Amino acid sequence: MADTNSFNQQIFENFFRDYFKPLVNFANKFLNNIDDSKEIVHDVFINLWEKRDSIDVQNSVKSYLYASVNNRCLNFIRDNKKFNNNIQLDNIDSVVSPSDTLTEIEIQSIIEKTLNTLSPKVKRVFELSRYENLKYKDIAEKLNISQKTVESHISAALKSLKENLKEYLVVFILII
């Protein structure tokens with residue numbers, strides 16, 4: 001039993017270490033107050049710890065954390081509107097709705113999983129192109145490969161992403 005508790009504690013510590021700062025930044029987009037944002041994230045992690053026995057860590061804890069922070073921020077804004085003029089509740093729906101946040105988190109998770117299935121070379125080329133905004137020519141020079149190889153790797157990565165994100169593409173097209 002002690003092994004299970006220490007395992008749970010280690011997993012919790014890893015989640016806290018990995019997600020605390022990004023969650024505070026996420027909350028701060030709503031609240032424009034770093035102290036309130038930290039408090040909300042702390043509360044979410046306390047709740048996660050208290051519910052650790054009923055949460056399946058094999059499923060996306062990241063989605064759970066972001067959804068919890070999102071909901072607590074919206075509740076905080078609603079409850080504190082009359083006290084804080086820095087928060088505009090009327091505009092909050094145009095910033096992010098809970099369903100938009102969950103969809104964004106789901107899509108980001110699918111992108112990460114898809115990129116992790118690519119060969120290291122294809123993944124590296126894609127990341128240099130999309131995340132570091134390098135041109136194909138610059139990527140080719142940096143990795144000492146041909147520009148045609150860069151194009152081929154980008155094409156392979158995009159094909160894989162398109163396949164794994166096809167259900168979201170259909171929803172996107174229907175919305176437009």
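Bear in mind that the values in this text are calculations on the coordinates, not laboratory data. Nothing here was measured: the structure is a model prediction, and the numbers come from that model. We place every Cβ from the backbone using ideal geometry, glycine too, and count neighbours over all the protein chains shown.
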- Message: For the pair Thr117/Tyr131, report the inter-label distance in nm, with labels modelled 7 Å from Cα in the Cβ direction.
- Response: 1.9
- Message: As a quick test, which of the pairs Lys29/Lys162; Lys29/Lys113; Lys113/Lys159; Lys142/Lys162 have an alpha carbon distance above 21 angstrom in this structure?
- Response: Lys29/Lys162; Lys29/Lys113; Lys142/Lys162
- Query: What is the gain in length, in nm to one decimal, between Gln10 and Glu167 on full extension, counting 0.36 nm per residue of separation less the C-alpha to C-alpha distance?
  - Reply: 53.0 nm
